[in-house]
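A.B. asks: One structure coming up, written as structure tokens, with questions to follow.
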Amino acid sequence: MGTRSIIVKNISANMLLQIITAVGGFILPPLIVMTYGSATNGMLASIKQFIAYLTLLEAGIGAASIVALYQALAKQDRPLRNRILAATHHFYRISGSLFAVGLLILAALFAWLTHAELSPQLTFWMVLVMGSVNILDFFFFGTYRALLTADQKTYVISAVQAAAIVLNVAVSYILIKSGYSILVVQIASSAILISKFAIFSAYVRHHYTNLHLHYEPAHAFKLEQTWDALTHQLCALVIFSSPLVLITIFLSLKDASIYAIYALVFAAIKLALQSLSQGMQAVFGHTLNTDADLARYHFWRYERAFVCFLGWTYACTALLFMPFITLYTQHMHDADYHQPLLAMLFLLVGVVENIRIPSVTMIMAAGRYKATRPQALLEATLNLVCAIAFIQWWGLPGLLLGALLSFLYRSNEMLHYNAKYILHLPLWRSYALAGMVIGVLAACVWLARPLVNQFAVPDFVHWVALGAITATCLALPFVFIFWFTSRWRTA
């Protein structure tokens, strides 16, 4: 299968997954808020973030395994492949056991932390039920996910996950409307998500011959940069999981619900952007080791498409977000969901954070975990310190301001590192592309906002119509940027 075909399959399957994930993510929260209250919705969002911290026990195993597998798969060295997978599986099982113990401790602590707003018994069992999916992920799927990712078959993962999400949303919706408790709904949801592991196992066993995961300590493969990869995962989880944790500690579950509703939209946008990078890490991982010029060629085309798509997406979001929130939360009356300042900060954070995704993809493909570890630690420290200070002064806006400051530093650093130390490309090119797209984005929003505000949006039908017109008009300047930058030199 050619490189272009692989890229198209991976991106298409992942884009379908992200669309289904986004749509599914928007269906249930309003129903949960109206049925069980904003506090329960905030609880669910916070539990997911607390559990995300516990997944640090993966200790960078998956990331280190993927990098190690590139060479074994390229050479079709099955004995080496099996040694790498055996070592990966061994460490995943150890991490899974530790995760199970940590989950019990987390369930008790979270029940105590939120006892003033919700039943401790309910919270305790919700943590255990939601965490059960992760336990089985450690024991049964982590190793296979590393293999499929390194072998450029993420489309398989995306397809199965998409089907599981559709079934999960449908069953959860029926159970909620039928009056079942939130605990019963979550048990059914976890059971559906767990069932996908059997499908992955069957696929891998069928498509990979002579595969075994028997771990022999005397001949075990040593996964390089495991702790360096762990550092990056730790920093990422501190940055992306800490907001709801800090909101739960310093504010309230209702504030957590407000943040979670806004984050739904921007998480969907991030997923759409990441869908363009799905499978690219493996492509770059292979081409960096075989043809550096080809890697540079593919990266420049990818970066141009990605950054232009980012600009167009966030320009549309800036104009359509508040009308959407007004419609989406029109039946949610137990918390203030209309906060334009919060929306603006989410937008700024999203642009600054996601513009580095192409560089992150290349850094991971090159396995530069150790070299970029100090910068990751500095970003996480800056983010956490600013967030803790600002959230106590300015609430939710302060939390996002802390994130913005840390992302300004790290995104700039990643663009610089990738251009100078991995691809050896002119530094000006990525900066010029980013500056041009951000400038056009700001100009489009400034010029179009008065026109968009003239349209009444009484329902989602009118919002979709407004969105279609807005998206079509705003696409033109970003298509021009993509064409114009294709004339720039690539070396």
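A.B. asks: Take segment 161-186 and flag every residue that is surrounded by 16 or more Cβ atoms within 10 Å (Cβ to Cβ) and touching a residue at least 40 places away in the same chain (Cβ under 8 Å).
C.D. replies: Gln161, Ala162, Ile165, Asn168, Val169, Ser172, Ile176, Ile182, Gln186
A.B. asks: Considering segment 110-143 alone, what residues qualify as being of a type in the set (Val, Ile, Thr), in a helix (DSSP H, G or I) and more than 18 Å from Val185 (Cβ to Cβ)?
C.D. replies: Ile135, Thr143
A.B. asks: Exactly one of these conditions fails for Arg487: (1) within 28 Å of the chain's Cα centre (by Cα); (2) closer than 26 Å to Asp291 by Cα. Give me its number.
C.D. replies: If we test Arg487 against (1) within 28 Å of the chain's Cα centre (by Cα); (2) closer than 26 Å to Asp291 by Cα, just (1) comes out false.
A.B. asks: Which residue, of Ala146, Ala111, Ala150, is crowded, with 19+ Cβ neighbours inside 10 Å, assigned by TED's automatic domain parsing to the domain that holds Thr40 and under 30 Å from Ser252 (Cα atoms)?
C.D. replies: Within the list Ala146, Ala111, Ala150, the selection yields Ala111.
A.B. asks: Continuing with this model, one more query. I need the full set of residues from segment 354-380 which are among the charged types (D, E, K, R) and surrounded by 22 or more Cβ atoms within 10 Å (Cβ to Cβ), in order please.
C.D. replies: Glu379
A.B. asks: Yes or no: segment 313-333 includes at least one residue that is more than 21 Å from Trp463 (Cα to Cα), touching a helix residue (DSSP H, G or I) at 6+ places or on another chain (Cβ under 6 Å) and not assigned by TED's automatic domain parsing to the domain that holds Asn41.
C.D. replies: The answer is no; no qualifying residue exists.
A.B. asks: Scanning segment 86-105 for residues that are of a type in the set (S, T, N, Q) and touching a Gly at 6+ places or on another chain (Cβ under 9 Å), which turns out nearest to Met126 (Cα to Cα)?
C.D. replies: Filtering segment 86-105 for residues that are of a type in the set (S, T, N, Q) and touching a Gly at 6+ places or on another chain (Cβ under 9 Å), the one nearest to Met126 (Cα to Cα) comes out as Ser95.
A.B. asks: Got at least one residue in segment 473-484 being farther than 27 Å from Tyr297 by Cβ and either in contact with a His (Cβ under 6 Å, 6 or more places away or on another chain) or in the same structural domain as Phe321 (by TED's automatic domain parsing) (or both)?
C.D. replies: Within segment 473-484, one or more residues are farther than 27 Å from Tyr297 by Cβ and either in contact with a His (Cβ under 6 Å, 6 or more places away or on another chain) or in the same structural domain as Phe321 (by TED's automatic domain parsing) (or both).
A.B. asks: Anything in segment 241-298 that is closer than 22 Å to Gly25 by Cα and among the charged types (D, E, K, R)? List them, or say none.
C.D. replies: Selection gives Lys254, Asp255, Lys270.
A.B. asks: Can we say Phe124 is assigned by TED's automatic domain parsing to the domain that holds Lys75, among the aromatic types (Phe, Trp, Tyr) and at pLDDT below 90?
C.D. replies: Answer is no for this residue.
A.B. asks: Looking at segment 371-471, what helices (runs of 4 or more DSSP H) fall wholly within it and have at least 2 residues that are closer than 30 Å to Asp291 by Cα, modelled with pLDDT of 90 or more and within 26 Å of the chain's Cα centre (by Cα)?
C.D. replies: Hits in segment 371-471: 396-417, 427-452.
A.B. asks: Which one is modelled with the highest pLDDT, of the residues in segment 279-307 that are among the charged types (D, E, K, R) and either in contact with a Cys (Cβ under 6 Å, 6 or more places away or on another chain) or over 16 Å from Ser486 (Cα atoms) (or both)? It would help to see each step written out before you state the result.
C.D. replies: Quick first cut of segment 279-307, residues among the charged types (D, E, K, R) only: 291, 293, 296, 301, 303-304.
Narrowing further to those that are either in contact with a Cys (Cβ under 6 Å, 6 or more places away or on another chain) or over 16 Å from Ser486 (Cα atoms) (or both): 291, 293.
On the way: Asp291: 75, Asp293: 80.
By that ranking, first place goes to Asp293.
A.B. asks: If you scan segment 418-471, which residues turn out to be crowded, with 18+ Cβ neighbours inside 10 Å and among the aromatic types (Phe, Trp, Tyr)?
C.D. replies: Trp463
The values are calculated or read from the model by the stated rules, or taken from the named source; none is laboratory data. Predicted, not measured: the structure shown is a model, and the values here were computed from it. Using ideal geometry, Cβ is built from the backbone for each residue, glycine included, and neighbour counts are taken over all protein chains shown.
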